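To start, the structure itself, in structure tokens.
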Amino acid sequence: MKLRDKELDALWAAGDDGLSLGAAVDALRPSTGWSRSTVLTYLTRMEAKGLVTIDKAASPHRYRAALDRADCQARERRSFLQRVYRGSAGDLIAAFLKEETI
């Protein structure tokens, strides 16, 4: 899973009501310049990855974040720790201490 900042930020901001496709396009266009078809493609791919739910019973369809922000951030941290530091939190902290003052 990859955290998609712009896409999920728009859905998180919408809350439980979610967004219609048109509203998602309006929310994303200023920062991305994406067309309606590009937004639809991203939302559909994110649904396949379990990041977005699509309420197809609603008219128009409603798009919602499948995970809240805190859950998404926790998954992203765990993924980063596994990929970069082979799961060693100690190695991560040691790397920070070598390069940055806390």
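The values are calculated or read from the model by the stated rules, or taken from the named source; none is laboratory data. Predicted model, so just to flag it, every value in this text is computed and none were measured. Ideal geometry is used to build each Cβ from the backbone, glycine not excepted, and the neighbour counts take in all protein chains shown. Note: accessible area is taken over every heavy atom of the protein model, side chains too, but ligands, DNA and RNA are not part of it. Shrake-Rupley method; radii C 1.70, N 1.55, O 1.52, S 1.80 Å.
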Quick check: the angle from helix 21-32's long axis to the longest principal axis of the chain, C-alpha only, nearest 10 degrees? 50 degrees
How do Ser88, Ser37 rank by accessible surface area computed with a 1.4 Å probe, from largest to smallest? Ser37, Ser88
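Counting only pairs 8 or more places apart or on different chains, how many lysine pairs in the chain have C-alpha atoms closer than 27 Å?
Details: Lys2/Lys49; Lys2/Lys56; Lys6/Lys49; Lys6/Lys56.
The result is 4.
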Which ³J(HN,Hα) values in Hz, rounded to whole numbers, follow from the phi angles of segment 41-56 under the Karplus curve 6.51 cos²θ - 1.76 cosθ + 1.60, where θ = phi - 60° and Gly and Pro get x? 4, 4, 4, 5, 5, 5, 5, 4, 8, x, 8, 10, 10, 10, 8, 7
Helix 89-99 axis, angle to the chain major axis (alpha carbon atoms, nearest 10°): 80 degrees
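Calculate, for the chain, the solvent-accessible area per residue in square angstrom, rolling a 1.4 angstrom probe over the heavy atoms of the protein chains. Working shown, then result.
Numbers: 6770 Å² over 102 residues.
Roughly 66 Å² per residue, with all protein chains present.
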Angle between the chain longest axis and helix 5-14 axis [Cα atoms, degrees, rounded to 10]: 60 degrees
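Grab the beta carbon distance between Asp16 and Val84, set R0 = 41 Å, and tell me the FRET efficiency rounded to 0.05.
On the way: r = 34 Å, r/R0 = 0.84.
Given R0 = 41 Å and the Cβ-Cβ separation, E is 0.75.
With r as the distance between the Cβ atoms of Ala70 and Ala94 and R0 = 30 Å, compute the FRET efficiency 1/(1 + (r/R0)^6) and round to 0.05.
Numbers: r = 26 Å, r/R0 = 0.87.
Plugging the Cβ-Cβ distance into 1/(1 + (r/R0)^6) gives 0.70.
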In the set (1) 126; (2) 118; (3) 93, which value of volume of the Cα convex hull per residue in Å³ was calculated from the structure you see? (1)
Where the accessible area of the chain is counted over protein heavy atoms with a 1.4 Å probe, how much of it, in %, is carbon and sulfur? 50 percent
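Using Cα pairs closer than 8 Å and at least 6 residues apart in sequence, work out the relative contact order for the chain, in percent. If you can, show how the numbers build up before the last one.
Numbers: 93 pairs, mean separation 26.7, N = 102.
Result for the chain is 26 percent.
Add -39500 (n - 2.57) for each DSSP H run of 4 or more in the chain, then divide by its residues: what number comes out at 222 nm, to the nearest 500 deg cm²/dmol?
The helix-only estimate for the chain comes to -19500 deg cm²/dmol at 222 nm.
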